[in-house]
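S.K.: I am attaching a structure below and will ask some questions about it afterwards.
Rule-based calculations on the coordinates, nothing more; no lab input. Predicted model, so just to flag it, every value in this text is computed and none were measured. When we count neighbours, we look across all protein chains shown, and the Cβ atoms used for this are built from the backbone with ideal geometry, even at glycine.
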Amino acid sequence: MSGTTGPVPRIKEAHLAGRWYPADGAQLANEVRTMLARGGPAMPGALALLVPHAAYQYSGPTAATGFAAAGGRFARAIILAPSHFARFRGAALLPMTGYRTPLGVVALDAPAAAALAGSALVRANPAVFVREHALEIQLPWLQALIPECPVLPLLVGDLEPGDAAALAAVLRPLVVPGTLVVVSSDLTHYGRRFDYLPVPPTDATTVAAAVRRLDDAALDRIVARDADGFVAWADETGATICGRNALDVLLRALPATARGTRVAYATSLDATGDYEHTVSYAAVVFTAAAA
């Protein structure tokens, strides 16, 4: 007896489970749902989010506030995440059918990937996803918030002048009601480990105040959807925002009438007390203009 079969599923296996979030599915589901329940009410008309990507013990409550504000009625999610370990120009697609976490397999959105693959700046490149954490860390939130929702994962690499605008133009047709765009980025990385010391690490109060000033300046530009201002400020200060290129693309892809709202902010200093090295986390929700 013969017959036809579809393509063999190719699944990317999680590598953060048991380290950055629980490996047990029931424990992970309970942890994520508990944080989402504490995150606050949904905001009507959500189009996009900025959320952090540290281990859940550090940035989980901040991320949960952003995801809770987005609500759960979406037919597609797009994740724009920075590449921390691989260097390449443009954006990379994951040419697989799914991504497994302890909550199950997330289906990857093949039609959306095909819509972007025509761009010279977008290439299928599974190798750059092997070690990357900034994308995987967002999947359990989406699985809890929007079960069965397909995801388009994109890693954003180096951008030359004009690349952000070109990628935004390719992405813009997908930034419509029913799609949630998630930019995965932490804010200021302070300390010798990150080669960024805008003030000396003399005490927690001094460091926290300096970091807060930097983050407030970044968030003011992000909330205002001021892509040019954000890029110029980041260049001027040398601020260590790992997802700056992904944010640049999002800010240029959003509708001109979209409104940004800052909903949460925290730092690793709050959790650890380590003022010699601290990373900042924020959640921003972009919503469609009211009719």
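S.K.: Rounded to the nearest 0.05, what FRET efficiency do Ala117 and Gln57 give with R0 = 51 Å and r taken as the Cβ-Cβ distance? Could you check?
M.R.: Numbers: r = 37 Å, r/R0 = 0.72.
Working from the Cβ atoms, E equals 0.90.
S.K.: When only alpha-carbon atoms count, how far does the range 208-291 stretch along each of its three principal axes, as whole angstroms with the largest first?
M.R.: Taking max minus min along each principal axis of the Cα atoms, the range 208-291 gives 45, 26, 18 Å.
S.K.: Given a Förster radius of 35 Å and the C-beta distance between Phe194 and Glu148 as r, what FRET efficiency does 1/(1 + (r/R0)^6) yield to the nearest 0.05? Could you put the intermediate results ahead of the total?
M.R.: Details: r = 38 Å, r/R0 = 1.09.
Approximately 0.40, to the nearest 0.05.
S.K.: Among bridges DSSP assigns within the chain, what percent are antiparallel (round to 5)? Kindly include the intermediate steps, with their values, before the conclusion.
M.R.: On the way: 23 of 47 bridges.
In the chain, DSSP labels about 50 percent of beta bridges as antiparallel.
S.K.: If exposed GluC sites (Glu not before Pro) are those in a DSSP loop with at most 16 other Cβ within 10 Å, what is the longest stretch of the chain that has none?
M.R.: Details: sites that count: Glu148, Glu276.
The reported range is 1-147.
S.K.: When N is the residue count of the chain, what does its C-alpha Rg come to as a fraction of 2.2 N^0.38 Å? Mind dumping the intermediate values first?
M.R.: Details: Rg = 18.5 Å, N = 291, 2.2 N^0.38 = 19.0 Å.
Cα-based Rg divided by the globular estimate yields 0.97.
S.K.: If you don't mind, there's one more thing I want to ask. Compute the Kirkwood hydrodynamic radius of the range 149-225, taking the inverse of the mean of 1/r over all pairs of distinct Cα atoms, and give it in Å to one decimal.
M.R.: 15.8
S.K.: Can you give me the relative contact order of the chain as a percent, contacts being Cα pairs under 8 Å and 6 or more apart? Provide the component values of the computation, followed by the final result.
M.R.: Values: 600 pairs, mean separation 74.9, N = 291.
The normalised contact order for the chain reaches 26 percent.
S.K.: Right, here's the next one. Picking from Leu49, Leu121, Ala75, whose Cα lies most toward the positive end of the charge dipole for the range 11-138 (charges on Cβ: Lys, Arg +1; Asp, Glu -1)?
M.R.: Leu121
S.K.: Over the Cα atoms of the range 138-284, Rg to Rh with Kirkwood Rh, two decimal places? It would help to have the intermediate numbers written out before the result.
M.R.: On the way: Rg = 16.3 Å, Rh = 16.5 Å.
With Rg and the Kirkwood Rh in hand, the quotient comes to 0.99.
S.K.: Taking H as built 1.01 Å from N, whose amide H comes closer than 5 Å to the amide H of Leu47, not counting residues under 5 places away?
M.R.: Phe286, Thr287, Ala288
S.K.: Could you tell me the calculated FRET efficiency between Asp235 and Thr206, based on Cβ-Cβ distance and R0 = 25 angstrom, to the nearest 0.05?
M.R.: Numbers: r = 25 Å, r/R0 = 0.99.
My answer for the efficiency is 0.50.
S.K.: Over all alpha-carbon pairs of the range 39-183, lay out the pair-distance distribution in 10 Å bins, whole %, shortest bin first.
M.R.: Once binned at 10 Å, the Cα pair distances of the range 39-183 give 11, 44, 36, 8, 0.
S.K.: I would also like to ask the following. Between Pro111, Pro255, Pro61, where does the largest GNM mean-square fluctuation fall for the chain, given springs only between Cα atoms within less than 10 Å?
M.R.: Pro111
S.K.: Stretch Ala124-Ala86 to full length: gain in nm at 0.36 nm per residue minus the Cα-Cα span? Please list the in-between numbers first.
M.R.: On the way: separation 38, 0.36 × 38 = 13.68 nm, distance 1.37 nm.
Between Ala124 and Ala86, full extension yields 12.3 nm more.
S.K.: If you rank Phe88, Phe230 by fewest surrounding Cβ atoms within 10 Å, what's the result?
M.R.: Values: Phe88 15, Phe230 23.
Ordered by Cβ neighbours within 10 Å, fewest first: Phe88, Phe230.
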